[in-house]
Amino acid sequence: MRKVFTYLFTLSLTAASAQMIKFQAAGFGGTTLNVAGTTTKHSMIIGAPVSQAAGQSNRAGFFWGSPDYRPAAQSAGVAFSSLSHNSLTITWTNGNGTRRVVVGKASGPVNATINSATNYPANSVFGSGGTEIGASSGNFAVYNGTGTSVTVSNLNPSVIYHFKVFEYNGFYSAYPSNYVNIEYQTGNGTGNPGNRTTLASPASTAANGISFSNITKNQSTVTWNNGNGTNRYLIVKQGSPVSASPANGQPYISSAAFGSGADLGSSNFVSYDGSSNQITITNLLPNTVYHYQVVEYKGTGADNNFYLTGAPVASQLTLTAEPVATAGSAMTQTAFSANWQTVAGAVNHYIDVSEDAGFSSFVPT
C-alpha cells in the first residue's frame with residue numbers, strides 16, 4: 001500500500017529576493033534529528049538560491065535542509081585579562097556554532113531571555129549602542145561575531161561584571177536582514193558564564209621618604225610618608241634590591257615577621273599591608289642588608305589596583321650579633337686570657353673588666 005503524507009504550509013513572501021521559511025514536520029522524507037536533541041526542523045527557500053548547504057537538494061527552484069539547528073556545543077572557558085578600572089578583555093573557546101553573541105551584566109548574573117529568530121546588535125562600549133536584552137534588564141550585547149575575544153570598555157571601578165557567550169546558527173551573510181532561521185544555544189558551557197571584578201580607581205601619588213629607627217640585630221622599624229592610595233604594601237627582600245611587584249586584582253597575605261608573608265617571587269616578601277606609615281619588621285638576620293619598597297594601592301582584594309610608578313626604595317643593615325663569652329684560660333695571679341666566639345661582621349672587639357660580677361655599664365671608648 002502506498003502511503004500519502006499531506007503537509008500544510010503557509011508561505012509569506014515579503015521581498016523579491018529569496019525568503020527563508022521555517023516549518024516543523026514529523027517524518028518528513030530525508031530528515032535528521034536536531035543535533036541539540038530537541039525537535040526536528042527543516043527550512044525551505046523560495047526563489048533562486050545563491051548556494052546550497054551540505055545535505056540540501058535542489059527541487060525545481062526550491063531546496064530544503066537543516067541549516068538552522070541550534071549548536072550542540074556551547075562556548076567554554078570564559079577568561080579575563082588586561083584588567084583596568086574601566087575595561088577588561090574577555091576570551092573564550094568557541095563551540096560549534098557559526099557565530100556567537102556575548103552578553104554582559106553588572107552586579108548580577110546574566111539573566112536575559114535569548115529568543116530564536118532574533119539578532120542582537122552589539123557594542124563593546126558597555127551600555128552604549130549594544131542591544132539591551134529585556135527592558136531595563138541591564139543585559140547588554142557586547143559582541144556578536146565569529147571571533148574568540150572582545151575588549152569591553154565603559155565599565156565602572158570595583159564592580160563585578162558577569163558575561164555569558166551564546167553560540168548560534170542561522171545567520172546568512174547573503175541575507176543579513178533575515179533572522180528567521182537564527183537558533184541559539186542557551187545552556188551553560190564549561191566555564192561559561194564567567195565573572196570578574198574591575199579594578200579600583202588607581203592611586204596617583206607614590207609614597208616617599210623611607211627611614212629607619214630602632215635597629216637591632218634582628219629587627220628594624222621602617223617609616224615613610226604615605227601617597228594617596230587607601231592602603232600600601234611594604235615589600236622586603238634580603239641581600240639585593242626588591243625585584244618583584246604585586247599583580248593587579250590579587251590580594252596577598254602580609255606578615256611583619258620577615259619571610260612569613262606572601263612571596264611575590266624570588267623571595268620578595270609582603271611584610272606590611274595597611275593604611276599606616278610605620279611597621280617594625282622582625283625575624284631579620286644580624287649584619288645583613290635588607291631592601292624595602294612601599295607600594296600604594298586602592299581596592300579591597302579582587303579589585304586591588306597597585307600604583308608602581310615612583311614607588312620608593314631604601315635599604316638598611318642590621319646590627320651584628322653580640323659576642324658570646326667562653327671560659328677564661330691561662331689564669332695567673334695577675335693575668336688571664338679572655339675568650340669569645342667569633343661574630344660575623346665584627347670589625348673590633350672591646351673588653352671591659354670589672355671585679356663586680358653584676359656590672360652592666362661599659363666604659364666608653
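Out of curiosity, is Gln250 farther than 30 Å from His85 by Cα and of a type outside the set (A, V, I, L, M, F, W, C)?
Answer is no for this residue.
Residues are listed down the side, and each one gets a yes or a no for (1) surrounded by 15 or more Cβ atoms within 10 Å (Cβ to Cβ); (2) in contact (Cβ under 8 Å) with a residue 24 or more places away in the chain; (3) not aliphatic (A, V, I, L, M):
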site: Trp224; (1), (2), (3): yes, yes, yes
site: Gly239; (1), (2), (3): no, yes, yes
site: Pro246; (1), (2), (3): yes, yes, yes
site: Ile253; (1), (2), (3): no, no, no
site: Gly261; (1), (2), (3): yes, no, yes
site: Leu264; (1), (2), (3): yes, yes, no
site: Tyr272; (1), (2), (3): yes, yes, yes
site: Leu284; (1), (2), (3): yes, yes, no
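Does any residue in the range 316-345 that is within 23 Å of Ile281 (Cα to Cα) come within less than 9 Å, Cβ to Cβ, of a residue that is charged (D, E, K, R) six or more places away or on a different chain, and which pairs are these?
Hits for this filter: Thr318/Lys217; Leu319/Lys217; Thr320/Lys217; Ala321/Lys217; Glu322/Lys217; Val343/Glu322.
Do you know which residues across the range 298-347 are at pLDDT 95 or above and touching a His at 6+ places or on another chain (Cβ under 7 Å)?
Asn305, Val313, Ser315
For the range 287-365, please list each of the strands (runs of 3 or more DSSP E) lying entirely inside it that holds at least 2 residues being within 30 Å of Pro251 (Cα to Cα).
Passing ranges, in order: 289-298, 305-307, 313-317.
Identify the single condition in (1) surrounded by fewer than 22 Cβ atoms within 10 Å (Cβ to Cβ); (2) touching a strand residue (DSSP E or B) at 6+ places or on another chain (Cβ under 8 Å); (3) assigned by TED's automatic domain parsing to the domain that holds Thr309 that Phe171 does not satisfy, given that it satisfies every other one.
(3)
So in the range 300-335, with the set limited to residues that are over 21 Å from Ala256 (Cα atoms) and of a type in the set (Gly, Ala, Ser), which one is surrounded by the fewest Cβ atoms within 10 Å (Cβ to Cβ)?
For the range 300-335, the residue satisfying everything is Ala335.
Picking from Ile114, Ile215, which residue would you name as being assigned to a loop (DSSP other than H, G, I, E, B) and farther than 30 Å from Asn277 by Cβ?
None of the others qualify; the one that does is Ile114.
Taking Val150, is it within 18 Å of Pro176 (Cβ to Cβ) and hydrophobic (A, V, I, L, M, F, W, C)?
Details: within 18 Å of Pro176 (Cβ to Cβ): no; hydrophobic (A, V, I, L, M, F, W, C): yes.
The answer is no for Val150.
Of the numbered conditions (1) more than 26 Å from Asn225 (Cα to Cα); (2) in contact with an Asp or Glu (Cβ under 8 Å, 6 or more places away or on another chain); (3) among the aliphatic types (A, V, I, L, M), Ala346 fails exactly one; give the number of that condition.
Looking at each condition in turn, Ala346 falls short on (2).
The values are calculated or read from the model by the stated rules, or taken from the named source; none is laboratory data. Everything quoted here is computed from the prediction, not taken from an experiment. For neighbour counting, all protein chains shown are included, and Cβ atoms are generated from backbone atoms with ideal geometry for every residue, glycine included.
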